[in-house]
Amino acid sequence: MLKTIPLTADIQIPQLGFGTSQLKEAAHASILHALHTGYRHIDTADMYGTHGAVGAALRESGVPRNEVFITTKLWSHSVAADKVAPAVDRFLDELQMDYIDLLLIHWPSEEAQPEETLPAMQAVLDAGKARALGVSNYGIDLLERAIATSVPVVNNQIKHNLEERPDEVVAFCKANGITVTAYSPIKALGNAATQKVVQTLSEKHACSPQQLALAWLLAKGLIPIPRSTKPENIEANFRAQGIAFSAEDVAALDAAA
């Protein structure tokens, strides 16, 4: 039970990932449990401080490196053109890996504009240290500028859940061949009207509201990356892939916003 979607013509990304922000001292155990549960997409970032835990958990899990998709992100102090490659080398050292599957700009930054950072990231891709490139927390204006660089931007990671729904950004990404990763996917379950629909559909599918929120995002073609330190929640989130969510279910939740 591991759904994937195309990231590029040659790369598939597991559609459900495991997020590692704010895991702190529980990071290693949580990531290891996620891998044992079946997750094959781990999302990390320089600012999370979890590179070491991700690498150690993967080695301890016994899962081959080429079976796990690793996403990480450049923080604002590493987006200037001359800082990108050294930062990536440090990431690889911390992860104890030879390459990153998906490298993102974490946030728009005054330190450097996408026109400067993305070509430097392209050099990292050309060197074989990353397989694909993208951005995070980009709105339409910045996405248009990123596309104009001609660097292949294939993913935009944004906050998306039942309460916060940047549908116009998602539509723009889909129209331009950019996949969308949804962080904080179960942090909020929507307003009172949405929660009534969530309750009805949760009963219909015999699942929790959190599982339903993930199933909704998966059915919409997004890539949710829930995080948890509790083994039972890590496992429950993974099982959301097995919920048979219909187009009518999606439409009911969409309309309840």
Karplus ³J(HN,Hα) for the stretch 123-129 (6.51 cos²θ - 1.76 cosθ + 1.60, θ = phi - 60°; Hz, whole; x = Gly/Pro) runs 5, 5, 4, 5, 7, x, 8
For residue 129, the lysines lying under 23 Å Cα to Cα, once residues fewer than eight places off in the same chain are dropped, come out as 73, 83
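I'd like the per residue volume of the convex hull spanned by the Cα atoms of the stretch 20-162, given in cubic angstrom.
Working: hull volume 16.0 nm³, N = 143.
Spread over its residues, the Cα hull of the stretch 20-162 gives 112 Å³ apiece.
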P(r) of the stretch 29-81 over all Cα-Cα pairs, 10 Å bins starting at 0, rounded to whole percent, reads 24, 51, 19, 6
Residue separation between residue 187 and residue 206 times 0.36 nm, minus their alpha-carbon distance, gives in nm 4.8 nm
With +1 on the Cβ of every Lys and Arg and -1 on the Cβ of every Asp and Glu, the dipole magnitude of the stretch 188-257 about its Cα centre, in debye rounded to the nearest 20, is 160 debye
With x for Gly and Pro, the residue-by-residue ³J(HN,Hα) of the stretch 44-54, computed from phi through the Karplus equation 6.51 cos²θ - 1.76 cosθ + 1.60 at θ = phi - 60° and given in whole Hz, is 9, 6, 4, 5, 6, x, 10, 4, x, 5, 4
Both in Å, the radius of gyration and Dmax of the C-alpha trace of the chain are 17.8, 54
With +1 at each Lys and Arg Cβ and -1 at each Asp and Glu Cβ, the charge dipole magnitude of the chain around its Cα centre, to the nearest 20 debye, comes out at 640 debye
Amide H contacts under 5 Å for residue 41, restricted to residues at least 5 apart in sequence or on another chain and with H modeled in the peptide plane, are 18, 69
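For the stretch 51-140, what relative contact order do you get, as a whole percent, if you take Cα pairs closer than 8 Å and at least 6 residues apart? Working shown, then result.
Numbers: 126 pairs, mean separation 29.4, N = 90.
Worked out over the stretch 51-140, it gives 33 percent.
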Note: the stretch 125-257, point scatterers on Cα, Debye, no solvent; log10 I/I(0) at q = 0.14, 0.16 Å⁻¹ equals -0.66, -0.83
Between residue 3 and residues 5 or more places away or on another chain, the pairs with built amide H atoms under 5 Å apart involve 15, 16
The relative contact order of the chain, taking Cα pairs under 8 Å that sit 6 or more residues apart, comes to a percentage of 18 percent
From DSSP H assignment alone, runs of 4+ in the chain each adding -39500 (n - 2.57), the sum over residues rounded to the nearest 500 puts [θ] at 222 nm at -13000 deg cm²/dmol
Placing +1 on each Lys and Arg Cβ and -1 on each Asp and Glu Cβ in the stretch 144-257, then taking the dipole about the Cα centre, the residue among 175, 255, 233 whose Cα reaches farthest towards the positive end is 233
At the level of C-alpha centres, the distance separating the stretch 208-226 and the stretch 42-100, in angstrom, is 25 Å
note: the stretch 95-182, Cα-Cα separations exceeding 19 Å make up a percent value of 38 percent
Computed ³J(HN,Hα) along the stretch 2-16: with the Karplus parameters 6.51/-1.76/1.60, θ = phi - 60°, integer Hz and x for glycine or proline, the list is 9, 7, 10, 9, x, 9, 9, 4, 10, 10, 9, 10, x, 6, 10
Taking r as the C-beta separation of residue 150 and residue 47 and R0 as 35 Å, the FRET efficiency to the nearest 0.05 is 0.80
Working note, the stretch 180-231: Cα radius of gyration (Å, one decimal) and Dmax (Å, whole number) are 11.1, 31
Between the residues 137, 30, 114, the Cα farthest towards the positive end of the dipole of the stretch 1-137, that dipole coming from +1 and -1 charges on the beta-carbon of Lys, Arg, Asp and Glu, is from 30
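Sort 216, 75 so that the residue with the fewest other Cβ atoms within 10 Å of its own Cβ comes first and the one with the most comes last.
Values: 216 25, 75 16.
Fewest-to-most Cβ neighbours within 10 Å comes out as 75, 216.
Here, each number is a calculation from the coordinates, and none is a lab measurement. Computed from a prediction, not measured in an experiment: that's the story for all the values here. Please note: Cβ atoms are built from the backbone with ideal geometry, for glycine as well, and neighbour counts cover all protein chains shown.
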